[in-house]
Amino acid sequence: MTTATRPGEESVVELATIEVRPPESPTAPGPGRTRIAAAWFGVVAAALVFVLLLIFILQNTRSVKITYSTLSGTIPVGVAFLFAAIGGVLLAGLAASLRIWQLRRRLTHGGKLGPG
């Protein structure tokens, strides 16, 4: 495109070219990154942890005395650790559930829950 500025003079105006691309769609997960693959990975990981836990319990069969409040008794060390682990998982799950409930409630009430 050329434009005349004065009689007898020409100036050249260059227009910038812009490459227009269609919007990129979110990349599809690769063949190994699907929900089913993640579920299988979770199943295999849980089975491995279960086997290791079972080996730990079978190797730690010595009984120990456990006292909780007014209750007392003897139990194998491995089983005591198993109960402690189950209690920890349940407490963590309870805390996570309460947080999810809190966030969902905040979303449904439009963030108007008062101070805090």
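Here are a few things to note about the model shown:
- Condition check for residue 75: under 26 Å from residue 46 (Cα atoms), β-branched (Val, Ile, Thr) and not in a helix (DSSP H, G or I): yes
- In region 23-66, the qualifying residues are those that are among the β-branched types (Val, Ile, Thr) and part of a loop (DSSP other than H, G, I, E, B), and the one that is modelled with the highest pLDDT is 61.
The values are calculated or read from the model by the stated rules, or taken from the named source; none is laboratory data. Because the structure is a prediction, the values reported are computed rather than measured.
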